[in-house]
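Data block below; observations after.
The values are calculated or read from the model by the stated rules, or taken from the named source; none is laboratory data. Given the structure is predicted, the values throughout are model-derived calculations rather than measurements. Neighbour counts run over all protein chains shown; Cβ positions are idealised from the backbone, glycine included. In case anyone asks, the SASA skips ligands and DNA or RNA and just uses the protein heavy atoms, side chains included. Shrake-Rupley method; radii C 1.70, N 1.55, O 1.52, S 1.80 Å.
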Amino acid sequence: MKLRALLALFVLASLSFSCSSRDDDGNSATDIDCLNLGTQELDITIQESFTTLPSKVSVFFKVNGSDGSPVAGLTPSNFTIFEQGRNDDCYNEISNSEASGAISPNAQIFSNNTLLVLDLSNSVLSTSLQELKQASSSFIANVMPAIPTDSFKMAIYWFDGEDILHELQPLTTSAAVLQEAIDGITEDISNDPSTDLYGAVIKATEIADDIIDVSENEELFAAASVVIFTDGTDQAARYTEQEAVDAVSDADDDISFFTIGLGSEIDEGILSKIGQTESVFASNAAELESVFNDISNGVAGQANSFYLFEYCSPKRDGSGMNNLVIQVINGNQDGLVQTSFDATGFTSGCE
């Protein structure tokens, strides 16, 4: 994640860090091997890491399964922390009593944003509008927290045949406001019966990229999910399939893409390319709520698979040779990530 502004926040207290998903920094692979930490079915990706005086080490990371699926709902009991200084032959486990360690999901430095993008072309409005509204309502209820928080926001957009991605509801933390927007959709909302699917994909991606950039400028870690529903193929032909797929491929790494297709006129192959995170399909309007619920689980899982680990390190060595391993155990699966930090200036008194 590109968080230049975040590091500025810690300019007086932040020291150099390096990170990898396995062992690209600090010690050799044999040093990690001395821990005998299992077979590594989980993939842990460090988004950012920093230190804060007097001795706090902070690591923000994401956990996925070997198939790329998000791993949400982990608690401190799922994590074990190991440190190694230059005088240690192997890593030593850090106890909570010694280091005041804490794992927090969706901390105050995290912003998760969902864009729900609905096809409201004539075929939807005339045949499946009520089912779409019900499915969208379930999606909102499943994704948005029961108690609003600044860490979770959603916006709703819609498209038809115009070269415009219409904003139905800007980003909000309120599920009630989102529900009101869905309730307000009427059969006469659209003036163009065509379908500008590729244009909607490109524009939604641009909006998501802008949201990530704004969040980073506000010194927040950020992630976004773009969820696109359609019952057909692109008919407007303003943009090409390749342009839409390229927009998705070139988007910020912290944007997830989901697609929902309805009926027999969709192209599942194209929707799968656009929905690179997950794609689902409903054969008829009666199945819409079920497939929307499937996608909502994926969106919520993406958001809740980010974790902030913070602890007070006992290290006082400023040589840059202090290594840290975070091990995650979830059922019969495990994974680890290694990073290193410079403890220059570390003293007691960390909270």
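Go through (1) aliphatic (A, V, I, L, M); (2) farther than 19 Å from residue 43 by Cα; (3) not in a helix (DSSP H, G or I) one by one and return the number of the condition residue 324 breaks.
Residue 324 satisfies all of (1) aliphatic (A, V, I, L, M); (2) farther than 19 Å from residue 43 by Cα; (3) not in a helix (DSSP H, G or I) except (2).
Any residue at all in region 145-152 that is within 21 Å of residue 129 (Cα to Cα) and of a type in the set (A, V, I, L, M)?
no
What's the number of the only condition in (1) of a type outside the set (Val, Ile, Thr); (2) in a strand (DSSP E or B); (3) at pLDDT below 75 that residue 38 fails to meet?
Single failed check for residue 38: (2).
Which numbered condition in (1) under 17 Å from residue 45 (Cα atoms); (2) in contact with a Pro (Cβ under 9 Å, 6 or more places away or on another chain) is the only one that residue 347 fails?
So residue 347 meets the others, but not (1).
Could you grab me the full set of residues in region 195-227 that are acidic (Asp, Glu), modelled with pLDDT of 95 or more and open to solvent by 10 Å² or more (accessible area, probe 1.4 Å)?
Result: 206, 209, 210.
Go through region 139-169 and give me each residue that's part of a loop (DSSP other than H, G, I, E, B), open to solvent by 20 Å² or more (accessible area, probe 1.4 Å) and either touching a strand residue (DSSP E or B) at 6+ places or on another chain (Cβ under 9 Å) or under 20 Å from residue 292 (Cα atoms) (or both).
145, 146, 148, 150, 165, listed by residue number.
Taking the condition of being under 15 Å from residue 180 (Cα atoms) and either open to solvent by 10 Å² or more (accessible area, probe 1.4 Å) or free of Cβ contacts under 8 Å to residues at least 24 places away in the same chain (or both), how many residues in region 113-138 meet it?
5
Which numbered condition trips up residue 230, out of (1) closer than 23 Å to residue 301 by Cα; (2) among the β-branched types (Val, Ile, Thr); (3) surrounded by fewer than 23 Cβ atoms within 10 Å (Cβ to Cβ)?
Condition (3) is where residue 230 drops out.
Can you tell me which residues in region 233-246 are in a loop (DSSP other than H, G, I, E, B), surrounded by 17 or more Cβ atoms within 10 Å (Cβ to Cβ) and of a type in the set (A, V, I, L, M)?
236
What's the number of the condition residue 127 fails, among (1) under 26 Å from residue 187 (Cα atoms); (2) at pLDDT below 85; (3) not aliphatic (A, V, I, L, M)?
Status for residue 127: all satisfied but (2).
How many of the residues in region 269-312 are in a helix (DSSP H, G or I), of a type in the set (Ser, Thr, Tyr) and open to solvent by 10 Å² or more (accessible area, probe 1.4 Å)?
2
Taking only region 121-155 into account, find how many residues are within 18 Å of the chain's Cα centre (by Cα) and of a type in the set (A, V, I, L, M).
The number of residues fulfilling the criteria is 5.
Given the condition touching a strand residue (DSSP E or B) at 6+ places or on another chain (Cβ under 9 Å), touching a residue at least 12 places away in the same chain (Cβ under 8 Å) and under 24 Å from residue 131 (Cα atoms), answer yes or no: does some residue in region 301-318 qualify?
no
Restricting to region 170-194, count the residues that are open to solvent by 40 Å² or more (accessible area, probe 1.4 Å), touching a residue at least 12 places away in the same chain (Cβ under 8 Å) and not in a loop (DSSP other than H, G, I, E, B).
4
Right, residue 250: charged (D, E, K, R) and more than 23 Å from residue 140 (Cβ to Cβ) or not?
Yes; evaluated as a whole, the condition is true for this residue.
Restricting to region 247-268, count the residues that are assigned to a helix (DSSP H, G or I) and either open to solvent by 10 Å² or more (accessible area, probe 1.4 Å) or without any contact (Cβ under 8 Å) to a residue 12 or more places away in the chain (or both).
Total satisfying the criteria: 3.
Determine the pairs where a residue that is more than 21 Å from residue 279 (Cα to Cα), located within region 231-245, has a partner that is among the acidic types (Asp, Glu) with Cβ atoms under 7 Å apart, the partner being 6 or more residues away or on another chain.
Going by the 7 Å Cβ cut-off, the qualifying pairs are 236/196; 238/163; 238/196.
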